[in-house]
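See structure below.
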Amino acid sequence: MEEHHVGITVEVNGRPHRSTVEPRTLLVDYLRDDLGLTGTHIGCDTGQCGACTIIVDGQSVKSCMVLAVQADGAHVRTVEGLAQDGRYHAVQQGFWEKHGLQCGFCTPGFMMQSVQILEDNPDPSDEEIRDALEGNLCRCTGYQNIVEAVKAAGATIRSGAETMAVGTGVGA
């Protein structure tokens, strides 16, 4: 039986990609296998854990629940697209400074969901952060440091310094 493939065009982290995919290809698999963007992790494959969270057309989504063909024409942001020109995004800096990770497996999904939180509201309360993160699971941290990381990133963004020099902790 001949396999059926579909052409798609997706902008990922500001770069256009034209590809041919099987209609059943999950977006997470497309990102990882076809584009080599392995920062988006596969955790549960059922949309429960949030490790595969990315941003598609300005909305966070669990990429294990989206087909690559559904992203045709979309603008996609992954964890690889957060740092720009050798400078950490405020969320990455917050996770580093506030120890918002331990093993790191869930961290890319938490970071992308945190970007969404702060784009929607740059000054969220602890309760708002916890509510917005409820679809992301971590087996290591206990979540308090993740909440602190989001709060720190929000403070950085509100100060006008959205990025930090990589590894320096000095604002842009």
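The values are calculated or read from the model by the stated rules, or taken from the named source; none is laboratory data. The structure displayed is predicted, hence computed values, not measured ones. Ideal geometry is used to build each Cβ from the backbone, glycine not excepted, and the neighbour counts take in all protein chains shown.
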## Note on the structure
Within the range 102-131, the count of residues that are buried (at least 17 other Cβ atoms within 10 Å of the Cβ) and farther than 18 Å from THR78 by Cα comes to 2
### Message
touching a Pro at 6+ places or on another chain (Cβ under 8 Å) and either closer than 23 Å to GLY154 by Cβ or modelled with pLDDT of 95 or more (or both): which single residue out of THR78, THR25, THR38 fits that description?
### Response
THR78
### Message
Please pick out the residue among GLY81, GLY100, GLY58, GLY104 that is without any contact (Cβ under 8 Å) to a residue 24 or more places away in the chain and of a type outside the set (S, T, N, Q).
### Response
GLY104
#### Entry: Selected residue (criterion: modelled with the lowest pLDDT) from residues of the range 133-171 that are more than 20 Å from GLY86 (Cβ to Cβ) and of a type in the set (Val, Ile, Thr)
THR141
### Task
Scan the range 16-49 residue by residue and report those that are over 14 Å from the mean Cα position of the chain (by Cα) and under 12 Å from GLU80 (Cα atoms).
LEU35, GLY36
## Note on the structure
Apart from one, (1) at pLDDT below 95; (2) within 14 Å of ASN13 (Cβ to Cβ) all hold for GLY47; the odd one out is (2)
### Task
Kindly indicate the residue of the range 77-97 that is charged (D, E, K, R) and not in a strand (DSSP E or B) and also surrounded by the fewest Cβ atoms within 10 Å (Cβ to Cβ) among those meeting that condition.
ASP85
### Message
Can you pull out every residue in the range 73-103 that is more than 23 Å from ARG139 (Cα to Cα) and basic (Lys, Arg)?
### Response
ARG77, ARG87
